[in-house]
Structure formats: structure tokens, C-alpha cells
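See below for the structure under consideration.
Nothing in this text is a laboratory measurement; each read-out follows from the coordinates by a stated rule. Because the structure is a prediction, the values reported are computed rather than measured. No Cβ is skipped: glycine too gets one built from the backbone with ideal geometry, and neighbour counts run over all protein chains shown.
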Amino acid sequence: MIGDVALIIVAVLGAGAVYQARGVRRDRRRFPPPGKYAHLGTHRLHFRDIGAGRPTVILESGLMSTVLTWQLIQENLAKSARVISYDRAGLGWSDPGPLQRDAGRIVSELDALLDRLQATPPYVLVGHSFGGLTMQLFAARHPNEVSGLVLVDPVAPAEWHPPSEHDRHRAELGSKILRRAAMLCHIGLVRVIGVLIQSGAKSAANRLISAISKGAPADSNNTESSLYWNLPPQERAMASVFWTQAKFCRTIASQLGWLPNSAAQVVAAGKLACPITVISAGTCSPERLAAHRAIAAQSPSGRHILADRSDHWITESQPELVAHAILEMASARLDQSPSYRQS
């Protein structure tokens, strides 16, 4: 009897693994990468490199995001500058990279990518959310290569160095759940959840999500989670492809788990020397607004802009504001525009 049960379990797991492998192959055919690949030796990074001119603009996405976040803004900027966006290792179309996925490793890989692309400094660095944290570290470690920094509702080092007990617990729990999800990706269970959501079987999907994310806050362990529905449409449309891959879950688990360490790396790197523009969401808490103002104040020419019609996804709700701030930084002009409100 025990032997029969074991055989059934092995058969189910094997069938799940085959289902997952076939799904990944099908997704690769249906959704080819919009850019190209650069090989760093251990893994490949997917990138989009369009436009021409100097300085080169580098776009870095948020914690779970891809080049899709920047698609429209990048095409707009490329009319007057060379603009490079990329998927961090383990995200989007990029290969998984070595763990640990902290800001230091991410910055080193971006530096290697720019070297492979023969990108000529100085760079205007642009980072959204978690990408704002990594871009601060790049600017601190490579001050002679950076002409300006534009941070779009960035994670502030002060938010995670040192982290509160609540935030530390939140990061550790999220990392634990994602490591669990990574294992279940291999047998196709996370892919099944995506199919259930797309087919409208939310009740069954919720039961599976709740089982996988045991211990998570009630507003993030079901099909109505803001983590999913707050994504821009182009990112949300690809979630059933990217989020069902083990590399995605392992990568986000590592980025979350090492988030306090990433913030500490930025603090240890010291004060930023380049011009800085920080754009804050209109929904920011007073504490985050103060942290954003402090980042901008590191530079004598630092500026803080309030995107008062936006939530965290300013790139989606006010893309013209973001593009204007980037172009203004790239051209080193200080002209004022009525399209944004300076705080």
C-alpha cells in the first residue's frame, strides 16, 4: 500500500514537471524577447538598446518588473538619446543569476552589461522603486561615470537601514513564501493557479494561493492582491508567464531577503555627488516623502518633484512627467514646466 502511494506521488510529480516544462517551452515561442542578449559569463541579461546621442540613459525597473515598465517612455526618450533598459538576472527574459541578489551584485552585473554594450559614460541613471535603490549604489560606486540620477518613487535606504522589526519580519516571510513557490513551480502548480485565474475559477485559485502563502497578510494571499492588480497592464499581462517560473520566485525571494543588506550597502557607499531628481508618488506617506527629500538634498542641485496625480506607478499614470525629468537631467537644463508640480 505504501509503495502504491509512493508511486502515485512520483507519477503526479513527474506529470507536473512535464506540464511545467512544456508550458515554459510554449511561452518562449509565444512571447519572444523584445530585445537582445548579452552574456556575462555565468548568465545572459536581456536588454533593449535604442536611440543615439549622449549622455546614455540607463533605465532600471522595480522589484518584480521588467523592460516592459519602460517601453513607452524608452521609445519617447530614444528620439533624442541612447536609452538602455534591461531585465535583472532572474526576471523577465533574462537568465537566472548567482545568488545572493543584493544591490551590490546587481550593480556589478549592470556595470558588466554596459561594458559589453560599449556604452560610453557619463550616464543618466533612472530607477523606479527598488531600482531606485540599486541606481543610488551605482552612482556612489561609479561617480565619474554618472552625470545625473533620476529616482522615481524610489526605495529609500532609510526605510530599510536598519529595518523595523515589522519590516524585517515582512521581508523574511515574503522570502520564505517565494522560496516555497519556487519549488512548486517545478511541478507546475503555480502555472495551474495562473490557468485557474485566467479561466475565472478564482475560488479554486484562492485556495491554492492561500495554501502556498500561509502566514502572509490577508490582502496579499488571494487573487485580489494589490501586488498583482496594481501592476501596469503590460506587466500584468505577462505575469502568468514570468511569475510561474522558478527563477522569478527565487530571484524575488533573494532580493527581498537581502533588502536590508542592500540598503546598508547604499548607506556605506556614502553621499552622492551627482545632480539628483527624486519624483515621489502623490500617495507617499509623510515618512517616505521626508526620506525622498533627504536623498535629493545630498546634491546642491537636487530637486524633489511630487507626482500628485499618481500612485507608485508614476511611469504609467504620469509618463510625460518622468520623461521630462529625464530629458531635463540629460540636457542639464533647469527650465520649469507646468507639467509637474515641484514640492
* Largest-first principal axis extents, alpha carbons of segment 19-170, Å -> 45, 44, 29
* Asked: About the Cα centre of segment 18-150, what is the dipole size in debye to 20, counting +1 per Lys and Arg Cβ and -1 per Asp and Glu Cβ, all else neutral?
  -> 620
* Structure fact -> One would report the Cα pair-distance distribution of segment 90-169, bin width 5 Å, in %, as 3, 13, 20, 25, 19, 12, 4, 2, 1
* Structure fact -> If N is the residue count of the chain, its Cα Rg over 2.2 N^0.38 Å rounds to 1.02
* Asked: What span do the alpha-carbon atoms of segment 50-134 cover on each of the three principal axes, reported in whole Å from largest to smallest?
  -> 36, 24, 21
* Structure fact -> Once SER164 and ARG207 are pulled to full extension, the length gained, defined as 0.36 nm per residue separation minus their Cα-Cα distance, is 12.4 nm
* **Alpha-carbon Debye profile of segment 234-332, log10 I(q)/I(0) at 0.13 Å⁻¹** => -0.67
* To do: With unit charges on the beta carbon (Lys/Arg positive, Asp/Glu negative), name the residue among VAL192, ASN222, ILE8 whose Cα is farthest towards the positive pole of the charge dipole of the chain.
  => ILE8
* **Relative contact order of the chain, pairs being alpha-carbon contacts under 8 Å that are 6 or more residues apart, as %** => 20
* For a quick protection proxy, order the peptides 61-74, 309-322 by their average other-Cβ count within 10 Å, most packed first. => 61-74, 309-322
* To do: Have a look at ILE326, ILE84, ILE177 and tell me which one the Gaussian network model of the chain (Cα, springs below 10 Å) gives the largest fluctuation.
  => ILE177
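Provide the percentage of antiparallel DSSP beta bridges, counting only those with both residues in the chain; round to the nearest 5. Numbers along the way, then the final one.
On the way: 10 of 33 bridges.
Counting DSSP beta bridges with both partners in the chain, the antiparallel share is about 30 percent.
When ranked by the protection proxy of mean other Cβ atoms within 10 Å per residue, highest first, what sequence do the peptides 95-107, 21-33 form? Numbers along the way, then the final one.
Working: 95-107: 19.8, 21-33: 12.4.
By packing density, highest mean first, the sequence is 95-107, 21-33.
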* Going by how many other beta carbons lie within 10 Å of each one, how would you line up LYS214, LYS271, LYS247, LYS202, fewest first? -> LYS271, LYS214, LYS202, LYS247
* **Rg to Rh quotient for segment 127-181, alpha carbon positions, Kirkwood Rh** => 1.11
* To do: Return the calculated 222 nm mean residue ellipticity for the chain, to the nearest 500 deg cm²/dmol, obtained by summing -39500 (n - 2.57) across DSSP H runs with n ≥ 4 and dividing by the residue count.
  => -15000 deg cm²/dmol
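When the dipole is taken about the Cα centre of segment 237-338, and only Lys, Arg (+1) and Asp, Glu (-1) are charged at their Cβ, what size is it in debye, to the nearest 20? Working shown, then result.
On the way: 8 positive and 7 negative charges, 75 e Å.
Computed charge dipole of segment 237-338: roughly 360 debye.
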